[in-house]
Amino acid sequence: MRKIAILGSTGSIGTQTLSVAEEHGDLEIVALACGSNIKLMEEQMRRFKPKTVAVWKEEDAKALRENTRDLGIPVGSGMEGLIAVATMEEAEVLVTAIVGMLGIRPTIAAIQAGKTIALANKETLVTAGHLIMPLAEKNKVSILPVDSEHSAIFQSLQGNEGNRIQKILLTASGGPFRGKKKEELTDIRVEDALKHPNWSMGRKITIDSATLVNKGLEVMEARWLFGVELEQIEVVVHPQSVIHSAVEYEDGAVIAQLGTPDMRLPIQYALYYPKRRTLSGKRLDLFEIGNLTFEKPDMDTFQGLALALKAMKKGGNMTTIFNAANEKAVALFLERKIRFLEITEIIEAAMETCRFVPCPNVDEILATEQEVYEFIGSRW
């Protein structure tokens, strides 16, 4: 029985990971961590009986301890609690489904402790890929992608070790506003941006999909995960979300992974790798779909993608500036304090203003995040 720890167990990826574990019955959940949803955390504790849990705020931890006294499960808090979950001795695999740069230190600690990483936290590689990948190699730790697109690339690489990658074709649905021009996006409401055409995801990532910022973050992540140059990654808008991504090899052969839009598949593939298991749910029916179409991304309208590529080319802490500015801007949009198009305006302003560091360490990465937050807080 494989023993699993989850950072971000109450979010979209976390809850679907637990669903996969329940379906098969041979994955033991030994540690859980979440942000502030202590009601759902209590339900998960009673259902899965982990050995330890953690939440972010100590006041929430106190309330959770009181509510679950009968279970006798230790409840930690803060970064110390997250790291305790990430490095729990019994755990073999850590699912990093926590949102934001909060995931960097626990992921580093888990790698140092020799845990296999099922990676669903983009920010870890977006901001610290230059630190994470060499550390994983040094500690002989596998980083298995949980993101749908990166899992598709990873699956398309199986059996082709040693063959040169010509190009990675990173697919994008185009989000809810595909085909619209900039002037049509001026009065977009939060409710409109949260209506993704294909995927069921958390609020922040759904907004990122609407701006195409998410695809920019995925380009950054793919560059580190698969050791390719930025020029070898091509974003392809594929509205049907059937081809989840593909790899072109030097002989011109293109190998892709296809399937229905179901995040449980990449989650399950990472948890059981290299084996495949039966998974309930709808199967891909090409006759029902009929047509698969492809478009170039409109980077004039969706400037989030263009800014991401610019940040990646600059390197250093510029990707952290991009990521932190987006996190803050999306939060402001969800709070209805800024307009939809201001998200990318804020990102660009931060990239032009905040201090550049060529090769940041973890402390400098986190300091950059704080600098970006303070800059945005002073102007918006």
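I'd like the FRET efficiency for GLU161 and LEU71, computed as 1/(1 + (r/R0)^6) with the beta carbon distance as r and R0 of 51 Å, rounded to 0.05.
Details: r = 45 Å, r/R0 = 0.88.
Here the calculated transfer efficiency is 0.70.
Give the residue list of GluC sites (Glu not before Pro) in region 194-291 that are DSSP loop and have at most 13 other beta-carbon atoms within 10 angstrom.
Numbers: sites: GLU218, GLU221, GLU229, GLU231, GLU234, GLU248, GLU250, GLU288; in loops: GLU229, GLU250.
Hits after loop and neighbour filter: GLU229, GLU250.
As an exercise, use a Förster radius of 22 Å and the Cβ-Cβ distance of GLU89 and MET133 to find the FRET efficiency, rounded to the nearest 0.05.
Numbers: r = 25 Å, r/R0 = 1.13.
Efficiency at R0 = 22 Å is approximately 0.35.
Quick check for you: with a 1.4 Å probe and neighbouring chains kept, what is the accessible area per residue of the chain, in Å²? Don't skip to the answer; put the middle values down first.
On the way: 16670 Å² over 380 residues.
Per-residue accessible area for the chain comes out at 44 Å².
On a full-extension model of 0.36 nm per residue, what is the gain between LYS275 and THR293, subtracting their alpha-carbon distance, rounded to one decimal in nm?
Values: separation 18, 0.36 × 18 = 6.48 nm, distance 3.11 nm.
Working it through step by step, the gained length comes to 3.4 nm.
Defining a contact as two alpha carbons under 8 Å apart and six or more residues distant in sequence, what relative contact order in percent does the chain show?
Working: 686 pairs, mean separation 55.3, N = 380.
This gives 15 percent for the chain.
For the chain, give the percent of accessible area contributed by carbon and sulfur heavy atoms, probe 1.4 Å, rounded to a whole number. Can you show the working numbers first?
Numbers: 8130 of 16670 Å².
After summing per-atom areas, the C and S share lands at 49 percent.
Which value, in debye to the nearest 20, describes the size of the charge dipole of region 1-65 about its Cα centre when Lys and Arg Cβ atoms bear +1, Asp and Glu Cβ atoms bear -1, and nothing else is charged?
Numbers: 10 positive and 9 negative charges, 41 e Å.
Here region 1-65 has a charge dipole of around 200 debye.
How many angstrom lie between the C-alpha centres of region 200-275 and region 336-380?
Answer, in whole Å: 26.
For the pair GLU345 and SER19, what calculated FRET efficiency results from E = 1/(1 + (r/R0)^6), where r is the Cβ-Cβ distance and R0 = 35 Å, to the nearest 0.05? It would help to have the intermediate numbers written out before the result.
On the way: r = 38 Å, r/R0 = 1.09.
Calculated transfer efficiency: 0.35.
To the nearest 20 debye, what is the magnitude of the charge dipole of the chain about its Cα centre, counting +1 on the Cβ of each Lys and Arg and -1 on the Cβ of each Asp and Glu? Mind showing how you got there, number by number?
Details: 44 positive and 51 negative charges, 110 e Å.
Approximately 520 debye in magnitude.
Enumerate the lysines that LYS328 could reach by cross-link, defined here as Cα to Cα under 17 Å, with residues fewer than 8 away along the same chain left out.
LYS122, LYS204, LYS337
Which one of ALA109, GLY174, LEU94 has its Cα pushed farthest toward the positive end of the charge dipole of the chain, where Lys and Arg give +1 and Asp and Glu give -1 at the Cβ?
LEU94
Run the numbers for LYS3 and ARG264: contour at 0.36 nm per residue of separation, minus the present Cα-Cα distance, in nm. Before the final figure, lay out the partial values.
Working: separation 261, 0.36 × 261 = 93.96 nm, distance 1.78 nm.
Net length gain for the segment: 92.2 nm.
Find which of SER378, ASN326, GLN268 sits farthest along the positive direction of the dipole of region 246-380, computed with +1 on the beta-carbon of Lys and Arg, -1 on that of Asp and Glu, about the Cα centre.
GLN268
Considering all alpha-carbon pairs of region 260-353, what whole percent are spaced by more than 23 angstrom?
So the portion of pairs separated by more than 23 Å is 54 percent.
Tell me, what is the 1.4 Å probe accessible area of CYS359, in Å² to the nearest 10?
Using a 1.4 Å probe on the heavy atoms, I get roughly 100 Å².
Give me the tail of P(r) for the chain as a percent: Cα-Cα pairs with distance above 27 Å. Before the final figure, lay out the partial values.
On the way: 34723 of 72010 pairs.
So the portion of pairs separated by more than 27 Å is 48 percent.
With every protein chain present, what accessible area does VAL254 have (1.4 Å probe, heavy atoms only), rounded to the nearest 10 Å²?
So the heavy atoms of VAL254 present about 80 Å² to solvent.
Counting only Cα atoms, I'd like the Rg/Rh figure for region 81-139, Kirkwood definition for Rh. Numbers along the way, then the final one.
Working: Rg = 10.2 Å, Rh = 11.1 Å.
For region 81-139, the value is 0.92.
Would you calculate the separation in nanometres between label points at LEU334 and ALA63, each defined as 7 Å from the Cα along the Cα-to-beta-carbon direction?
Simple spin-label model gives 1.8 nm for this pair.
Work out, step by step, the length gained on full extension between LYS314 and ASP363: first 0.36 nm times the residue separation, then minus their alpha carbon distance; give nm to one decimal. Numbers along the way, then the final one.
Details: separation 49, 0.36 × 49 = 17.64 nm, distance 1.97 nm.
In short, 15.7 nm is gained.
Cut-off 16 Å, label point 7 angstrom out along Cα-to-Cβ of ARG379: give me the residues of region 346-363 whose amide nitrogen falls inside.
From region 346-363, the list is 346-356.
Please list, ordered by chain and number, the residues whose modelled amide H lies under 5 Å from the amide H of GLY76; skip anything fewer than 5 residues away on the same chain.
VAL53, ALA54, VAL55
The values are calculated or read from the model by the stated rules, or taken from the named source; none is laboratory data. Here the structure is a predicted model, which means the values were calculated and not measured. With ideal geometry, Cβ positions are generated from the backbone for all residues, glycine too; neighbour counts draw on all protein chains shown. To get the accessible areas, we keep the full protein, side chains included, count just its heavy atoms, and leave off ligands, DNA and RNA. Shrake-Rupley method; radii C 1.70, N 1.55, O 1.52, S 1.80 Å.
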